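Visitor: My questions will all concern the structure given below.
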Amino acid sequence: MWGLARTLLTFATHTGSSSTVQQYGIVNLTNQPSQCQSGYLTDGVLSRAGRCSQDPAAAARALVAELGGLDSVLADEDKLRRVKLQLDVGSQVTIKVVESLLLSHLDQGPQRLIRHPDLRVFWMKQYASITEVPWFDFWEQFPEQLKENPVELALVSELSNMLGDGRARTAFQLAVERGNKDCISVWELKLAFSGDEGLLPQVERLLTSSPKSKPVAGATKVGTAAASAERQGAPLAAGAVQAPTVMPLSSPAPVVRCQLPPLVSNYTGREDEAAAVVSHLVNHGSIALLAPGGMGKSCLAIDVGWRLMNSGAAAAGALWVDLREASSLAEVEARFCASLGLQAEKQDNAPRILAALKAAAAAPASSTAAESNVSPPDGALGSGQAHMHGVDLAGSGYPGMASRPPPMQVLVVVDNAEDALLHPGAAESVRGLLSKVLREAPSVRMLITSRVTLGMCSAGLTERPVGAIAADAATLLIRSVAADLTEAEAASVADACKCVPLLLCLVAEALVAGRLTLEDLDKLQARGTAGGEPVDATGSTVRLVLSSLKRQHQQAAAQLAVFPSAFDDEAAAAIWGNTPPQARALLAVLHRYSVVQRSSGQHYLMHMVVRRQSAEQGHRIDPGLQLNVEGRFVNWMLGLLREWSVMYHTVKEWRLAMTMARDHQADVSKLFQLLASGFEEGFSGSWKGPAAGEVAPAQGGTSGPRPSPPNGSNSSRSPPPCCWDPAVVASELTDNLRQMFEGLGLLGRMETPCLALLKRLGAEPQLLPPQAPAAGSAPPAPLQHMQPAAGPQPQELQQPLAVASVLYMRAWVRVRGGRMYKEAEEDARRSWELRHAALGPEHPDTVISLYILAAALGYLRRYSEAEVFNRQVLDLQLRLLGELHSDTAYSINGLAVCVDKQGRFTEAEEMYKRALNIRRQVLGERHPCTAGSLNNLAGSIYGQGRRAEAEELYRQALELRRQVIGEEHPDTIATLANLSSCTFDQGRYDEAEPLLRQTLELRRRVLGEDHPDTVQSLTSLAACLDGLEGREAEAEALHRQAVRISLSTLGRTHPTTRSRLVRLGNCMEVQGAAFNAEAVLAELEGSMN
């Protein structure tokens, strides 16, 4: 029963919160779906619930609380029986429903992430602990095996009919897929399905939102009017058009990647403009849409994207890159990487991004509209069409563009580019990356939206201004929402709104709700035309609309402004301090007022203009609101990171944790920004930080907007205000989190937040002189275990322990950054000393601080010292954690590296084998750490001269890394290079050559032409060709390239340049040519000018 399921979930997770839920109508069951749309149904129950406006589970919820909570109830059969009786649903089937729901909710398997009760129970029963399954496996079970759930057979029958067609299943996959197109995961089901609506209507909507059935501009309708009319039981207003029906789906079609959001329901008036942009993208290349905020650039881009997908013109798919609040090079690259499914590295991701786009464009094209049974929607580009809404596709449409580029394969929409363009560091990275794509991947078309010009016309990027919609379209939009207005009144409103789409929606809804009158708009216009000062008409109107909301709705909107991108009801609940059901009800109100928009899946989004005005309005209402909201945001993100970092260290869920974290890329960046606020690079002011536990003023205080970083250098400054406790944040900087950040390529971005935290904690580095542990000292007597002490630490220990946690994290940042090894050693020593004094020598935090100290010493090539500390760490972990623990494997691997570097290969080999065995048992075969151990073991065996044995291990490691982290990951390429060298050293040059060529090509694409590893691959391939008869001329050309790059990057006197010059000379002399080093150098230097 869908209504009962929803109620059960409410009391299962939010016991005792019914009053606020009822305030927003969450428990009102008067408008339930029909039985065929429901999951958990029993005869008569739905109709009984439909007649009752009271909460049918209130008494049961109160009883659960009285009996000690849900865990206590499920653990006691008598208590569970009493709760079942209290629910009073009458049949044994329904009792079974109750038990299934409760068990699926409390079971900590991956199905816990799925919102919809039907799908949650289905996944638990069919797949248990598996986080993702291949689509073919899913379709073998779904929807047929829903019958194993206590659901109505009518639901299963309806879903089977709806999804029995191959093309319908393809449409479903397109709508749900977010990452791996071959599999479906619990995370994707969470994002695609809500828990408070029947399964059938949600599946229907997914099918209508897929690329092969998505309505585009010609069929776009003003949904607000339809929704309003439906709510009021009235016919649609004149001029409003009903949404189209689902297009027929009859034959299988290949699945392409499509990240386009759904087109908003009130989008209208852009027919000719969308057709012209489509024409330009198909015939001439990339384009940027320029307009102030509120004009509908993003909606136009979505419309164009769906037209191209519907027609098959974007044969390899459409990607969406949102650059909201992307204010640095790292953040811009991270957003592109997330869209492409790449792991962002610590630096220079641009070559990998370009390579991934090229690969996507080179993929086999999917079926076009001509090959499918789906007719191109009106306005979409179809096979054999010569025109589109009067736009000649064979013509230019833009002056000076006579040449036609290669056929389009991939569309990349870059939205909100202005946020990056307004920051100097990010601006150059955006322009540089886009220029490379324009130049090197012409079959990739970019559609960019921005409020500011990109200045890239010379690179081949056309800029097109986007203006307001036509007056007649604006009038129609107003009347479709406010049907009581006369045409003249609607035209007057449209004129007051300057025909700006955002304003039309906001004002129309405000007029319908009675929050604004026509006189209010007249007054606004009068103020806008008074005096000679320029007026931000869009901002003023949005401000007027927001001011008309109830105070609690204004505050709610202001709090949502903290989110940098899309968010769901759970995120909103965390910021508002209520429950997800309450948040859904409040979001529905804000959505009805057009304050928030529906994004993809179960997500919402605030328009940038509304977001900015909401934040300002919130500050006017309560100056302390922003700080408190930021504090809640920080706490919410820390909770998510804690959950993901634990998942990352499990066999089953590590990949799921990575996916979830990447989907929250913008939120993670916002967290970094808040933690580092006031301490951005270049800030050198000093001030005394707050005592442990001290925070900024509470809500209602006098704190204003955060001050800008000081320009001075050493003057005493007050700390930038915040509403989060730096000691609490520091306590979340665990080693689990550090390893996950490293896996995500985010560790390097923690450097500035670490500096800010140290300053907030009053811990200037020079105030903490290091005290090194005695390198030869015996480990202290063991404790009973290595788990942190339960409960909070004593007050006097909170500050030093917080400082130790931050220093530990920064030591890793510096080590993995490939620089500042000495500074990393100092941080590690200070962290160890503080933890040793506060927690004792055998606390897990003390031990890991000793481990990073050993690692830093290893990077400083002080291997004998590092070995002593590594052995101390390993001894402690073996006694206190045991052999089968991931931390133990980590320590064994670290010690093995240290021993290996000292040339004790046999000893290192045994340690690598031991670490590999532990990781296989604890983390599983398909984990990045397991692949790393396999690669390290191969290297140790290779160092002992056992080439054939090492080759086999390298092949295993290569295959595993290709499967787990992808072919173009630097670690995968490194293993391929190792395999190439191993094959070459065995004299099998014919086999080594293709491996070396593949390594060189990958490094050129991923790292760039001049990267040291790329040049090393160039030299290795040349050496291989030296050994093949008759290939000396090819080898010479490669040797020359290597020397030329060395000259440009290292100079002629560098030892590496001289060494490569010698190899070139040997190659030339073998061919009988005279070699003069100075002459060759002069020739190569001349060719560089």
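Since every read-out is calculated from the coordinates, none of them should be taken as a lab result. Predicted, not measured: the structure shown is a model, and the values here were computed from it. Note that we place each Cβ from the backbone using ideal geometry, even for glycine, and neighbour counts take in every protein chain shown.
Visitor: Scan around C258 for amide H atoms under 5 Å from its own, H built in the peptide plane at 1.01 Å from N, and keep only partners 5 or more places away or cross-chain.
Guide: A318
Visitor: Here is a follow-up. Taking square-rooted eigenvalues a ≥ b ≥ c of the alpha carbon gyration tensor, is the range 545-634 rounded, prolate or oblate, where a/c under 1.5 means rounded and, failing that, a/b exceeding b/c means prolate?
Guide: On the way: a/c = 1.44, a/b = 1.18, b/c = 1.22.
Rounded is the answer for the range 545-634, as its axis ratio a/c remains below 1.5.
Visitor: Roughly what would the spin-label model give for Q202 and Q108, points 7 Å off Cα along C-beta, in nm?
Guide: 2.5 nm
Visitor: Also: Assuming R0 = 30 Å, what is the FRET efficiency of S435 and S1048, from their Cβ-Cβ distance, to the nearest 0.05?
Guide: So, using R0 = 30 Å, E works out to roughly 0.90.
Visitor: If R0 is 51 Å, what FRET efficiency do you get for N180 and A837 from their C-beta distance, rounded to 0.05? Each step should come with its number before you reach the end.
Guide: Working: r = 47 Å, r/R0 = 0.93.
Efficiency at R0 = 51 Å is approximately 0.60.
Visitor: Let me ask another. Each residue of the range 419-425 in order: what ³J(HN,Hα) in whole Hz does its phi give by Karplus 6.51 cos²θ - 1.76 cosθ + 1.60, θ = phi - 60°, with x for Gly and Pro?
Guide: Values per residue, Gly and Pro as x: 4, 7, 5, 7, 10, x, x Hz.
Visitor: Test of understanding: what is the full-extension gain from S540 to R879, defined as 0.36 nm times their sequence separation minus their Cα-Cα distance?
Guide: 115.3 nm
Visitor: I'm checking a number: the convex hull volume of the Cα atoms of the range 597-678, normalised per residue, in Å³. What is it?
Guide: Numbers: hull volume 9.2 nm³, N = 82.
Convex hull volume per residue, Cα atoms: 112 Å³.
Visitor: What's the extension gain from R82 to K901 if we count 0.36 nm per residue and subtract their Cα-Cα distance? Before the final figure, lay out each step's value.
Guide: On the way: separation 819, 0.36 × 819 = 294.84 nm, distance 6.66 nm.
Full-extension gain reported as 288.2 nm.
Visitor: Then there's this: Work out how much length E742 to H619 would gain on full extension: take 0.36 nm times their residue separation and subtract the Cα-Cα distance, in nm to one decimal.
Guide: Taking 0.36 nm per residue and subtracting the Cα distance, the gain is 40.6 nm.
Visitor: How much FRET efficiency would the formula 1/(1 + (r/R0)^6) give for D137 and N917, where r is the Cβ-Cβ distance and R0 is 30 Å, rounded to 0.05?
Guide: The pair D137/N917 has a calculated efficiency of 0.50.
Visitor: According to a simple spin-label model (label point 7 Å from Cα along Cα-to-Cβ), what is the distance in nm between T486 and R1031?
Guide: 8.7 nm
Visitor: Compute the label zone of E1009 within the range 438-470: residues whose backbone N is under 15 Å from the point 7 Å along Cα-to-Cβ.
Guide: Hits in the range 438-470 for E1009 at 15 Å: 439-441.
Visitor: With the crude spin-label approximation of a point 7 Å out along Cα→Cβ, what separation in nm comes out for Q552 versus N1066?
Guide: Distance between label points: 8.1 nm.
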